[in-house]
Amino acid sequence: MAEVDHFSYGVLTPVLAYLMSVIGSLLGLLCTARARVSAGRARAAWLALAALAIGWTGIWVMHFIAMLGFSVGGAEIRYDVPRTILSCVIAVVVVAAGLFLVGFREAGRGAIVTGGVVMGIGVASMHYLGMAAMNMPGHIGYQPGLVAASVAIAVVAASAALLFALRVRGAWATAGAALIMGVAVTGMHYTGMAAMRVTMHHDMAPPTGATATDFLVPLIGAIGVVSIVLLAIVAMAPSEDEMRIEAELRERIQARREIRPPYPPYPPMPPTEPSRTRSPAEWFDG
């Protein structure tokens, strides 16, 4: 059994991973808050942005930053690029599935549970697919009990995320919900990592693929671009309260138009007598 270290850089990687999870969750909650008071294509656009923020920044980027601190004693670790990219796509897609499931139907308890299960299993699949993307001269195994615990944490975290997305209002409440979501997501990751067991086989061929640092520069650039774009969109858009007031005003105007015509009809003109021509005798008082 090889010696596994999840904190090769001390607390740096878990702290950065948690911060990225909180930032992604916060941006996602701000987008879902605007989706609640939108309709049609506008709602779909806000939910898609929320899925990108939570799935990409809050989950996948957190996972990869945490993996930067992962090492196995005396072993070189490389990553299969297609599988790593596929794990990122899965994270965004499953979050979008959960958000759209509760965003375009009556958001009852059943919808939240269903969406949470879909998202939780998807997030867990993303995690273990990302682990399967690792190449090293050894065999990776998992403890079933801890794997089941990580999946359960993922489902609970996803359900909480959907509940927060539907119910949380206000700046302080949104920030607190993002902090809780960050704890849940990072807790799921490190629970899954604790389930890992590595057995080295030094007679295996050297691993192929990209190193973790090969992903670092593109990852930093992508994080910056996505975060800045999302922040700009959220900052330029009206707040949730402003959008709600505007929507209520539009509903009132529409209701008044349906009750009465837009312009009142003109009152009918009184009947006029036809003009009568005077006779010559009348002209001369005759």
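If only residues of the stretch 1-17 that are of a type in the set (Ser, Thr, Tyr) and in a loop (DSSP other than H, G, I, E, B) are counted, the one that is farthest from MET134 (Cα to Cα) is TYR9. A count restricted to the stretch 168-189 and to residues that are out of contact with any helix residue (DSSP H, G or I) (no Cβ under 6 Å at 6 or more places or on another chain) and over 10 Å from TYR18 (Cα atoms) stands at 8. With the condition kept exactly as written, say whether any residue in the stretch 135-147 is among the hydrophobic types (A, V, I, L, M, F, W, C), modelled with pLDDT of 85 or more, surrounded by fewer than 20 Cβ atoms within 10 Å (Cβ to Cβ) and on the phi < 0 side of the Ramachandran plot. Within the stretch 135-147, one or more residues are among the hydrophobic types (A, V, I, L, M, F, W, C), modelled with pLDDT of 85 or more, surrounded by fewer than 20 Cβ atoms within 10 Å (Cβ to Cβ) and on the phi < 0 side of the Ramachandran plot. When every residue of the stretch 206-213 is checked against the conditions, at least one turns out to be part of a loop (DSSP other than H, G, I, E, B) and among the β-branched types (Val, Ile, Thr). In the stretch 142-168, the residues that are more than 16 Å from GLY182 (Cα to Cα) reach residues that are among the charged types (D, E, K, R) with C-beta atoms within less than 8 angstrom, at least six apart or across chains, in these pairs: TYR142/ARG197; GLN143/ARG197; LEU166/ARG36. When VAL118, VAL22 are checked against the criterion of being open to solvent by 10 Å² or more (accessible area, probe 1.4 Å) and within 26 Å of TYR9 (Cα to Cα), a single residue qualifies: VAL22. Among the criteria (1) open to solvent by 20 Å² or more (accessible area, probe 1.4 Å); (2) closer than 18 Å to MET188 by Cα; (3) assigned to a helix (DSSP H, G or I), the one LEU86 does not fulfil is (2).
Taken over the stretch 33-74, the criterion of being assigned to a helix (DSSP H, G or I), under 26 Å from GLY221 (Cβ atoms) and either without any contact (Cβ under 8 Å) to a residue 24 or more places away in the chain or of a type in the set (S, T, N, Q) (or both) is satisfied by ALA45, TRP46, THR57.
Within the set of pairs 6 or more residues apart or between chains, which connect a residue that is farther than 20 Å from VAL225 by Cβ inside the stretch 5-24 to a residue that is small (Gly, Ala, Ser) with Cβ atoms less than 6 Å apart? Taking only residues 6 or more apart or on different chains, the pairs are ASP5/SER71; PHE7/GLY69; SER8/GLY69; SER8/SER71; TYR9/GLY69; THR13/ALA66; THR13/GLY69; TYR18/GLY182.
The values are calculated or read from the model by the stated rules, or taken from the named source; none is laboratory data. None of the values given here were measured: they were computed from a predicted structure. In this analysis, Cβ positions are derived from the backbone assuming ideal geometry, glycine residues included, and neighbour counts consider all displayed protein chains. Accessible surface areas use protein heavy atoms only, side chains included; no ligands, DNA or RNA. Shrake-Rupley method; radii C 1.70, N 1.55, O 1.52, S 1.80 Å.
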